[in-house]
1. For residues that are among the aromatic types (F, W, Y) and more than 16 Å from C101 (Cα to Cα), scanning just region 4-41, find the one that is nearest to the chain's Cα centre (by Cα).
2. If you check every pair at least six apart or on different chains, which have Cβ atoms under 8 Å apart with a residue in region 38-59 that is closer than 18 Å to Y18 by Cα first and a residue that is of a type in the set (K, R) and in a strand (DSSP E or B) second?
3. If a residue has to be out of contact with any Pro (no Cβ under 9 Å at 6 or more places or on another chain) and in a helix (DSSP H, G or I) to count, how many in region 88-107 make the cut?
4. Tell me, please, whether a residue that is among the hydroxyl-bearing types (S, T, Y), under 18 Å from V104 (Cβ atoms) and in contact (Cβ under 8 Å) with a residue 24 or more places away in the chain can be found in region 22-34.
5. Please report, ordered by residue number, the strands (runs of 3 or more DSSP E) entirely within region 10-86 with at least 3 residues that are surrounded by fewer than 17 Cβ atoms within 10 Å (Cβ to Cβ) and modelled with pLDDT of 95 or more.
Amino acid sequence: MNNRDFEIRQRGKLGERYVCDYLENKGYNIIQTNYSSRYGEIDIIAENETIIAFVEVKTRTKKSLTGGFESVTKSKIAKFTKTAVIYMTKNNVLKQPRIDCAQVIVSEKDNRLVEISYAENSVVQWDGYSAF
């Protein structure tokens, strides 16, 4: 892994931490981070009294050419959804599931938080396909 890839990975992990803090401040408990299945990974699994939220986090700098929301493809959503179903089945989850997406903007210099845009229930079913 080269230095740039390492920096991007570290920035992504920091963005996930920022979103965990955001969710905790909204009354959610973080159940797990980086949950993996053979289909893919869920960055954050959080719950409150009634909802279990499966959260995809995309971290960018202000200079990024694409936003975080735009980088969530149909293929990614399909893998993400399958992984959420596996988690719910293995853990006998009875709460209402929700798939959310968070876009985190950090400063280029020191990765300080600039902004979090959080989209609840950001994936809907449409003719058998998940669409963001």
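The values are calculated or read from the model by the stated rules, or taken from the named source; none is laboratory data. A quick note: this is a predicted structure, and the numbers were derived from the prediction, not measured. Quick reminder, even Gly has a Cβ in these numbers, built from the backbone with ideal geometry, and neighbours come from all protein chains shown.
1. If we take residues in region 4-41 being among the aromatic types (F, W, Y) and more than 16 Å from C101 (Cα to Cα), then Y39 is nearest to the chain's Cα centre (by Cα).
2. A53/R98; F54/R98
3. 2
4. yes
5. Result: 29-36.
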